[in-house]
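Q: Questions regarding the structure given below will be posed in turn.
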Amino acid sequence: MKIPFFKKKNNDAATEQGAGRFAENIARFFSAEPQKEKILRHEDFARAGDVYYATVSARYKVAQRILILLLVIFLLFSIFTNISNITYGNLFYFFRDFGNAVDIESSNYESLSYDVYGDQSFALYRGGIAAVSPSNVSVFTATGRRTLKSRSDFAQPYAVCSKKYALVYDVSGNSFALYNSFSKIYTESFDYPISDAAISDSGVFALLTRSADYKSVVNVYNKNVKLAGRYSKDMYALDIALDSAGERMAVIYYDIGDGLGRTVLRVYDISNRVAEGKDPDEDRVIAQKTLEGEFPLGCAFMSDGKLSVATNGSVSILDNSEYEVYDYINFEGELRAVYASENGVAVAVKEGVLNDVNTVIAFDKDGKVLYNELVRESVREIAVLGRHIFIKTDAGVARINADTGEEEELSSQAGKMLIYDESTAIVCGESKAVYIKFKEN
C-alpha cells in the first residue's frame, strides 16, 4: 500500500507555517508598536490618553528586552571563551576574595596588630597590608582581618605588591614566593642573589639577579607565572619598573664610560613571550638614554605611561612615546629620601648642616611639578599621592598640600610609612600598624 504524498505536503506546510508564526512572534516581541497598543488598552492609561508617553514607554520596554538579550549573549560568550579558567579553585578564591572587596569599601580602622618579628617588611596590598618577616608572611584586609599566615624561610625579606599578587623575595638570598590573599601560589630559587623586583597590576612580574656571565639578569614572568624572557646585560642594574599593564619594563644601570660613572636607562617591550634563539636585550629595546656623571636611585612608570627617573643629581620626567626628557630639576646636596611610583616621584635634599632643613622636589602622577620648596622637617621617608606630599619625620607624619602650602603634622610611632589615601597614612611598627588620619581637604 502506498502512502499518499499529500500527507507529507501537509507536514511541510505546517512546518513552514510554524516557522512563519515564530518569526512573526519574534518581530512583535522586539517591536514598539504592539507594546504601545497594549499600554493604550490599559484602563488607567485610557483616562490619561497621552499617545506620546505610550510610545516612549513602549520603546523603553523594547530597549530593556534587547539589553537583556545582549547580556545573555555576553554571558554565554564569556563562559564559552573562558571555560578552561572556570575551575573549583578559581570559584573558591572568588567567593573568599569577595569579603576583601567589602573590607576595602568599609575601612574605618585605627590600628591592627601582628606578631613581633625582627627585620619585617611592609607593603600595601589590595587596601590592606602585607607584613613579611624571615619566618612568616601575613596578609591583612583593610579592617584588620588576617586572611593569610604562611610560614616562610627568608633571611632578609622584602615585599612588592600589585592589585593582583604580593611578591616576596629574599634580598640576601636566592629565593622568592608569590602570594594572593589566601595562599602561596608559586616559589622558585635562582643560582645567584635577588637584588630587586617589580610587579604590575596585570600580574606580570620581574626579578633582578645576575649570572656567571652577566652582571645583571632580569627574569620576566607573565601573568600565568611562566618565564616569558630573560634580559641579560654586562652592566650593574640598580632598579627595575613595570607599567601597570605589564607590557613595558624600564631598567636603570650604572656603568663606567670615559672614566666617569653614568646612568643608563633602557626601556623594553615585554608584551609578548621571547622566541627561542632571540636576544631580548637587543630585540626588545624601545629606547636607551644616558645621563653622564650621575648615579641612579630609582625609576617608575607613571599613570599615563610616562617614566620618572631619580638620580643623585636630578629628577627627570620622560614622555611615554620616545622616552625623551621633557622636564627635569637638578639639585645638589645630600639625599635624605627618594620615592618613585605610579603616583609620582619625589626627593628630599638636605640643606646645609642641619638635619631638619630639606628641599623637597616632587612631581605628580602626570609628570607635572607638584612641589619645589624648603621644608623645615627632618625627613626619614617621603611619598606622593594626588595633590599631597607625605613626610615621615622623627616625631610623626607630616602632610603638605601642594596647592595651598598648608602643612599638618601628627605624631606617631616609629616605623615604615605607607600611604592609604590622601587623608590617611599608615605607620607600621614592630607589633602594630597605626592609621594616621588627617583632615579632609
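Q: What figure in square angstrom, to the nearest 10, would you give for the accessible area of D327 with a 1.4 Å probe?
A: Roll a 1.4 Å probe over it and D327 shows about 50 Å².
Q: Let me ask something else about it. What part of the accessible area of region 101-250, given as a whole %, is carbon or sulfur when the probe is 1.4 angstrom?
A: 43 percent
Q: Then there's this: So with the 1.4 Å probe, I'd like the accessible area per residue for region 299-392, rounded to whole Å².
A: Solvent-accessible surface per residue comes out at 40 Å².
Q: Sticking with this structure for a sec: Is region 201-253 rounded, prolate or oblate when judged by the Cα gyration tensor, a ≥ b ≥ c being the square roots of its eigenvalues, rounded requiring a/c under 1.5 and prolate requiring a/b larger than b/c? If you can, show how the numbers build up before the last one.
A: On the way: a/c = 3.08, a/b = 1.62, b/c = 1.90.
Oblate is the answer for region 201-253, as a/c is 1.5 or above yet b/c matches or exceeds a/b.
Q: Next question. Rounded, prolate or oblate: which one fits region 253-385, using the alpha carbon gyration tensor with axes a ≥ b ≥ c (rounded when a/c is under 1.5, else prolate when a/b beats b/c, else oblate)? Walk me through the numbers on the way to the answer.
A: Details: a/c = 2.61, a/b = 1.72, b/c = 1.52.
Taking the square roots of the gyration eigenvalues as a ≥ b ≥ c, region 253-385 is prolate.
Q: Using heavy-atom solvent-accessible surface (probe 1.4 Å) with all chains present, what is the largest-first order of D153, D255?
A: From most accessible down to least: D153, D255.
Q: In whole Hz, what ³J(HN,Hα) sequence does region 357-362 give by Karplus (6.51, -1.76, 1.60; θ = phi - 60°), x for Gly and Pro?
A: After applying 6.51 cos²θ - 1.76 cosθ + 1.60, I find 10, 9, 8, 9, 10, 9 Hz.
Q: If each residue of separation counts as 0.36 nm, what is the full-extension length gain between R59 and T404 once their alpha-carbon separation is subtracted?
A: Roughly 119.1 nm would be gained on extension.
Q: I need the phi-derived Karplus couplings for region 377-382: 6.51 cos²θ - 1.76 cosθ + 1.60, θ = phi - 60°, integer Hz, Gly and Pro marked x.
A: Computed from phi, the couplings for region 377-382 are 9, 6, 10, 9, 9, 9 Hz.
Q: Shifting gears a bit: Report the full-extension gain for the segment S84 to R146: residue separation times 0.36 nm, less the Cα-Cα distance, to one decimal in nm.
A: 19.3 nm
Q: Just to be sure I understand the model, the point goes 7 Å from the Cα along the line to the Cβ. What's the resulting L374 to E334 distance in nm?
A: 1.8 nm
Q: How large is the accessible surface of M249 in square angstrom, using a 1.4 angstrom probe and rounding to the nearest 10?
A: It works out to around 0 Å².
Q: To continue, here is another question. Heavy atoms only, probe 1.4 angstrom, no DNA, RNA or ligands counted: give me V132, V285 ranked by accessible area, highest first.
A: V285, V132
Q: For a quick check of understanding: with a 1.4 angstrom probe and all protein chains in place, what accessible area in square angstrom does Y114 have, to the nearest ten?
A: Roughly 20 Å² of Y114 is accessible to a 1.4 Å probe.
Q: I'd like the Karplus ³J(HN,Hα) series for region 396-408: coefficients 6.51, -1.76, 1.60, θ = phi - 60°, whole numbers in Hz, and an x wherever there's a Gly or Pro.
A: For region 396-408, the Karplus curve yields x, 10, 10, 10, 10, 7, 5, 7, 9, x, 5, 10, 10 Hz.
Q: Among 214-224, 194-204, what's the highest-first ranking by average C-beta atoms within 10 angstrom per residue?
A: On the way: 214-224: 18.7, 194-204: 21.2.
Ranking the peptides 214-224, 194-204 by packing returns 194-204, 214-224.
Q: Filter the GluC sites (Glu not before Pro) in region 329-422 to those in DSSP coil with at most 12 other Cβ atoms within 10 Å of their Cβ, and list the result.
A: Of the GluC sites (Glu not before Pro), the ones in loops of region 329-422 whose Cβ has at most 12 other Cβ atoms within 10 Å are E332, E406.
Q: Scan around Y125 for amide H atoms under 5 Å from its own, H built in the peptide plane at 1.01 Å from N, and keep only partners 5 or more places away or cross-chain.
A: Those lying under 5 Å, H to H, from Y125 are A130.
The values are calculated or read from the model by the stated rules, or taken from the named source; none is laboratory data. Treat the numbers as computed from the prediction; the structure is a model and nothing was measured. Virtual Cβ from ideal backbone geometry, glycine too; neighbours counted across all protein chains shown. Accessible surface is based on the protein model in full, side chains and every heavy atom, while ligands, DNA and RNA are left aside. Shrake-Rupley method; radii C 1.70, N 1.55, O 1.52, S 1.80 Å.
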